Amino acid sequence: MLSLNPLVWSLDKVSQWVDQGLGQISRRLFQQIVFVPIPWGRVATHLYRSNLGLSIGALTLVFTWTVLRTMWPAGGMLGHQPYATSLQRTVTAALIALAGEPVVHGLLTLNDALVASFLRSNTTATVVGSTRIELSVNPLLALVLGALVLALLIYLGLFYALRTVEIYVLTGLIPWFAVLWSGGSDESWLTNISKELAVAIFVQSVHAMVFWLFLHLVTHTTTVADEFLEAGVLWYMTKVPGQLRRLLGAQSNPTRLLSWI
């Protein structure tokens, strides 16, 4: 029923326009950004291979120097060092550096398969979309929830853009982390980067699982409670990275969108 109050009528029209816009934004966001495989372009490959070439060169120098030290007479300024262990770590670090990109590609493929398994039965992906009756009864509430949902959608869009960059950068740093690990001064280098990559890659699978659960709980918005549930699902999706970090034992900073920012 059309309200005679101009303020209510205006809120009703604005809320309908906002709701339609949010429906289109959420559909594009989930179909084109959140639940799509990461495009592994030439830039990412060039970044990794550039670091790989430099790191292999550094490991070759270390290996050569270690071999020369094994032939040095005992005593003197050089002293005694566990040369065999150093050589083994250097070779292992080179193998890790070479295997970095293929391993990341394998993990991304596994993640893409998990995401597809959750979303295969859902051809459309959208969160918001209120009925005209609900908007007419609660136009102001619809505007408030619409603003909250818009902020969360922007957050998720930014998160996935930064997630792509983070995976590129971490993959490119694997060779150098292997070099640091070969030094033996800190055993946590490779463990830390492995956890960070696992979180950055598989957070999409957890998000897909949450979204699958949401679609089975609410098929369409008909009540105020459902609208709050929609906003709650998006809010929970912003908390998933921190929870995944804690489960994997990675350091978590709740004030940051990603750990490296």
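How many nm separate the modelled label positions at L47 and L213, each set 7 Å beyond the Cα in the direction of the Cβ?
Rounded to a tenth, the inter-label distance reads 3.2 nm.
How many nm is it between the label spots at R120 and E187, if each spot is 7 Å from the Cα in line with the beta carbon?
Result: 4.2 nm between the two label points.
For region 163-169, take each phi angle, set θ = phi - 60°, evaluate the Karplus expression 6.51 cos²θ - 1.76 cosθ + 1.60, and give the result in whole Hz per residue in order, putting x for glycine and proline.
4, 4, 4, 4, 5, 4, 5
Read-outs throughout are calculated quantities, based only on the coordinates presented, and are distinct from any laboratory measurement. Keep in mind that this is a model prediction, so the values were computed, not measured. Glycine gets a Cβ as well: all are built from the backbone with ideal geometry, and neighbour counts include every protein chain shown.
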